[in-house]
1. Would a scan of region 110-120 turn up a residue that is modelled with pLDDT of 90 or more and within 30 Å of Glu193 (Cβ to Cβ)?
2. Of the conditions (1) exposed (fewer than 14 other Cβ atoms within 10 Å of the Cβ); (2) modelled with pLDDT of 95 or more, Thr92 clears all except one; give me its number.
3. Here are Phe18, Phe26: which of them is loosely packed, with under 12 Cβ neighbours inside 10 Å and not assigned by TED's automatic domain parsing to the domain that holds Asn119?
4. Can you tell which of Glu140, Glu79, Glu84 is of a type in the set (Asp, Glu), under 28 Å from Ile225 (Cβ atoms) and outside the structural domain of Ala259 (by TED's automatic domain parsing)?
5. Can you name the helices (runs of 4 or more DSSP H) wholly within region 1-80 that have at least 2 residues being without any contact (Cβ under 8 Å) to a residue 60 or more places away in the chain and in contact with a Leu (Cβ under 6 Å, 6 or more places away or on another chain)?
6. Can you name every residue in region 186-209 that is touching an Asp or Glu at 6+ places or on another chain (Cβ under 9 Å) and either modelled with pLDDT under 65 or surrounded by fewer than 13 Cβ atoms within 10 Å (Cβ to Cβ) (or both)?
7. So, in region 168-196, of the ones that are part of a strand (DSSP E or B) and under 30 Å from Ile143 (Cα atoms), which residue ends up farthest from the chain's Cα centre (by Cα)?
8. Considering only region 153-163, I want to know if a residue exists there that is farther than 30 Å from Lys236 by Cβ, of a type outside the set (A, V, I, L, M), in contact with a strand residue (DSSP E or B) (Cβ under 8 Å, 6 or more places away or on another chain) and part of a loop (DSSP other than H, G, I, E, B).
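The values are calculated or read from the model by the stated rules, or taken from the named source; none is laboratory data. The structure displayed is predicted, hence computed values, not measured ones. So basically every Cβ, Gly included, is an ideal-geometry build from the backbone, and we count neighbours across all protein chains shown.
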Amino acid sequence: MNIQQFQYIVALAENRHFVMASEQCFISQSTLSTMISKFEDEIGLKIFDRSKKPVELTSEGERILEQIKMIQREIGQLEEMTKEIKGEVKGTLSIAVIPTIAPFLLPLFLQSFAKKFPNLSIQVKEQTTGEILRQLSSRELDIGIVSTPLVQKDVVEYPLYHEPFMFYNAGEERQDQLTADSMDVSNLCLLEEGHCMRTQVVNLCDLHKLNLRSTLNFDYKAGSIDSLLRFVKANKASTLLPFLATLEMSEEERERLSAFAKPVPFRTIGLAVHKHFVKHKILEVMKESILKEVSQVLPNGEPKGEQLLPI
């Protein structure tokens, strides 16, 4: 068996058609069929049921395909490791960021970070913490930018900075000595389920025995901080916001934005990678790039307060 045979098997499993798979692999249909048959003869198992139209994986083939894909990922990691050892930084880098971080952190560092690696194709997407963890485990993703700590054995996390939460109340003026205990949550609006920031806010309210029952006669669960803030303004409601999300607020909006007195609720933002991640140079440069930029906009000093856990 060899790497090429692995590629042919994956192509046929994805396309379920010999002609399409052979075109994808730039070989003839007969060559593709012969190479896969040789592999099946070598292992003594049928991977595909050729009597079905379109072709289907056998039950044994499902398990073998899963292992082949894992081997391909390991080969890819080996290739990346050899590039790094030789000082070559090229190929692709996939990054996923949770939606409550992405719009506020990425503009601060991504462009300057990308300029340091002109031969690297950087792919960035927004995803929930759960999906990021899943893709890190399956090695579909290189780096996640998330709220930490996380609880996953095959994922290594690198905490970077602490981000305080702010209280925004569209119906009231700013409070100078706001505490979590005195926070008015009678019309508090939250993100929808699946966002770790929702979990953090709910945990804060539970910790301080605050009743989250809203006086609004409808329940709105936002999918992003932008839509959450628009809804809060329109309904004179309130919400909690991470500090970076408040940087571009107008003076009028800031009149309704309150900082917490100690203990300050905060979240910790960091990078997460698979435990066998090998692009260490890229990781170190990303850490340095992020810390350089956020240190210029975050409040000075470590927040003395309550760390809100994402999970």
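1. yes
2. (2)
3. Details: Phe18 fails: loosely packed, with under 12 Cβ neighbours inside 10 Å.
Among Phe18, Phe26, only Phe26 is loosely packed, with under 12 Cβ neighbours inside 10 Å and not assigned by TED's automatic domain parsing to the domain that holds Asn119.
4. Values: Glu79 fails: under 28 Å from Ile225 (Cβ atoms); Glu84 fails: under 28 Å from Ile225 (Cβ atoms).
From the options Glu140, Glu79, Glu84, the qualifying one is Glu140.
5. Details: elements: 3-15, 18-25, 29-43.
Result: 3-15, 18-25.
6. Those that are touching an Asp or Glu at 6+ places or on another chain (Cβ under 9 Å) and either modelled with pLDDT under 65 or surrounded by fewer than 13 Cβ atoms within 10 Å (Cβ to Cβ) (or both): Leu207, His208, Lys209.
7. Taking region 168-196 and keeping what is part of a strand (DSSP E or B), we get 168-169, 178, 188, 190-191.
Now narrow it down to the ones that are under 30 Å from Ile143 (Cα atoms): 190-191.
Working: Leu190: 20, Leu191: 17 Å.
Result: Leu190.
8. Of the residues in region 153-163, the ones farther than 30 Å from Lys236 by Cβ are 153-162.
If we keep only those that are of a type outside the set (A, V, I, L, M) too, we end up with 153-154, 157-159, 161-162.
After this cut, where a residue has to be in contact with a strand residue (DSSP E or B) (Cβ under 8 Å, 6 or more places away or on another chain) as well, the list is 154, 157-159, 161-162.
Next cut, part of a loop (DSSP other than H, G, I, E, B) only: 154.
The answer is yes, given that some residue of region 153-163 is farther than 30 Å from Lys236 by Cβ, of a type outside the set (A, V, I, L, M), in contact with a strand residue (DSSP E or B) (Cβ under 8 Å, 6 or more places away or on another chain) and part of a loop (DSSP other than H, G, I, E, B).
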